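Read the structure below first, then the notes.
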């Protein structure tokens, strides 16, 4: 938790403006989940799918990048070649797996990249520059920070439950919900209290304007990313108009 | 009881909240305490929480009140059941505090956390929708599953705006990583506002109104299905063109005839209420007993 909640970009690597990352996330999710194939989209889709993986590699998260690229390549292959040969129920099941992977994985990888390489103060600085109200910005940044925590805590709770012989096999599903969700929320409450203490010491909620030492701004790498996003948007718009 | 509460809240403003809160629970609290905890379990929305009571008068000076508020907050938690008692005695300042209950950073953080949990649960559930026959069932499953975090949030943050911000965040995240369901945000703003007004009319105390509010609130989930009904042909094309395949699109449309739309809205509401009832039961069973809600 500590590493991801307070992740610093001190390990070096590529440094993007949070606004660029947000733009890329939106573009990737809209184009990949609602867009189809054909014409320029055949170019734009792989471009967008590969982009978050390249970004992961550039920010020195090599293992994550390798895992993601392998999974994605496999799913893409299955979608293009395998789906034509199966029908009926098997098709649905395969489609479910492949569809999730092909459509959502780039988004999820991008979201992971956004969360793991953006510090809270970077994010808040970006939000301020975009003139987003604090009432939205604070919960939003907490939420993005909290997704990795949910995963970690859930794994820990799962371990504890298994140790006591409580698992999905043979259990009642409603009971399972209770055994998983309730401890989850108990520790979330604790974490929330700690977070608000930390926030208070940093002057969050003070009636004065907070300053921010984070120096965010657009650089060459941002312009390149924005250009790629623009190309994809053009491809998407063209596809929408044609179909 | 009412007198002592007034003393406490004004003393908290002076900055020695911790001492007073402790005193209060020791003297006037101890026996009514136990009664209250048991009583409270029938109504988790009993009274207003410690922060908002302090809130009533806290626009005087930022620093002292903020610290005082926090002290008192943590002390009541340590006393464990002091919270339940204070909520009861806070009834007086209740009406006054409604006028001036801004959301504090702590509340905003809680909103963020519970939205994250809500979203994780609902996102996990909605993967069921890849099997076409379960698509209409999502209108029931999503509100049902999200009841627990929602009810806990509503119990923790009894101020105007919590539900609204939560649904805005959910809508934003759906746009960010969902792409398809950009309708949740506009619908959610409307239903979220209505839900806020419902809870507000109960003074943030009534459990029944919170349950109904969650039902109304979760009608926003219907935003997922809006394109299927209102732009049916275009959506059919989108499904096919985006690679889900002809079979999936046909199945999707056959399970989503036009007449099902009002049923889905109703299902969102009914199962939302049901989810809230489950959430409240879980809250009573675990969180109230542990002094955390």
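Exposure proxy ranking for B:286, A:131, A:219, based on other Cβ atoms within 10 angstrom of each Cβ and starting from the fewest, stands as A:131, A:219, B:286. Working from the Cα coordinates of region B:105-288, the gyration tensor eigenvalues give, after taking √(5λ), semi-axes of 30, 16, 15 Å in decreasing order. Each of A:134, A:153 has some number of other Cβ atoms within 10 Å of its Cβ, and from fewest to most they run A:134, A:153. Convex hull volume of the Cα atoms of chain A, normalised per residue: 174 Å³. Between region B:183-202 and region B:113-139, the alpha-carbon centres lie 20 Å apart.
I need to check one value: relative contact order of chain A, counting alpha carbon pairs closer than 8 Å and at least 6 residues apart, in percent.
Details: 176 pairs, mean separation 93.0, N = 243.
Relative contact order, chain A: 38 percent.
Between the alpha-carbon centres of region B:256-293 and region A:186-204 there is a gap of 28 Å. Taking a ≥ b ≥ c as the square roots of the eigenvalues of the alpha-carbon gyration tensor, region A:34-168 is classed oblate because a/c is 1.5 or more while a/b is no larger than b/c. In chain A, helices alone account for a calculated mean residue ellipticity at 222 nm of -24000 deg cm²/dmol, with every DSSP H run of four or more residues adding -39,500 (n - 2.57).
Give the order of B:266, B:172 when sorted by the count of other beta carbons within 10 angstrom, beginning with the fewest. Each step should come with its number before you reach the end.
On the way: B:266 14, B:172 19.
In increasing order of surrounding Cβ atoms, one gets B:266, B:172.
Values in this text are rule-based calculations from the coordinates and carry no lab data. None of these values were measured; they are calculated from a predicted model. Neighbour counts run over all protein chains shown; Cβ positions are idealised from the backbone, glycine included.
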